[in-house]
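Enquirer: So that we are looking at the same thing, I have put the structure below in structure tokens.
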Amino acid sequence: MTLTDKQLEDIERYASIYLPISDIALLIEVRADELRDEIRNRSTPASIAYHKGKVVSRVNLHNQEMQLAKVGSPAAIENARRNLMDMEDDE
């Protein structure tokens with residue numbers, strides 16, 4: 001699948017707000033099943049854009065949770081602990 005730079009930017013932006021692939025496909029005017037196949041193949045530009053968008057938002061959420069944990073939010077402390085365990089599991 002050949003996508004324009006604008007479509008790739010849109011994929012990243014929409015993925016960063018956790019929009020489903022079917023909605024992204026509709027907005028960038030491609031078939032959902034084709035976009036889904038592209039995203040499954042981790043080496044394609046569409047997949048890289050999609051996963052980067054998700055990760056950038058996850059980073060922002062982790063930052064916010066860490067700030068809340070530092071001021072004593074019990075839920076944020078638990079989430080930060082879980083994030084650390086996930087990180088260590090991935091090492």
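Enquirer: What FRET efficiency comes out for the pair VAL71/ARG42, r = Cβ-Cβ distance, R0 = 41 Å, nearest 0.05?
Expert: 0.65
Enquirer: Pull up the cross-link candidates among the aspartates and glutamates for LYS70, meaning alpha carbon to alpha carbon under 17 Å and not fewer than 8 places away within one chain.
Expert: Once the sequence-local aspartates and glutamates are set aside, what remains near LYS70 is GLU78.
Enquirer: Sort largest first and round to whole Å: the equivalent ellipsoid semi-axes of region 16-91, each the square root of five times a Cα gyration tensor eigenvalue.
Expert: Its equivalent ellipsoid spans semi-axes of 32, 14, 9 Å.
Enquirer: Only sites in a loop by DSSP and with at most 14 other Cβ atoms within 10 Å count here; which trypsin sites (Lys or Arg not before Pro) in region 7-38 make the cut?
Expert: Qualifying residues, ordered by number: ARG31.
Enquirer: I've got another one for you. With a cap of 14 neighbouring Cβ atoms within 10 Å, and only residues DSSP puts in a loop, list the chymotrypsin sites (Phe, Trp or Tyr not before Pro) found in the chain.
Expert: Passing sites in the chain are TYR18.
FYI, it's all coordinate maths here, none of it is from the lab. Note that the coordinates shown come from a computational prediction; the quantities given were computed from them, not determined experimentally. Glycine gets a Cβ as well: all are built from the backbone with ideal geometry, and neighbour counts include every protein chain shown.
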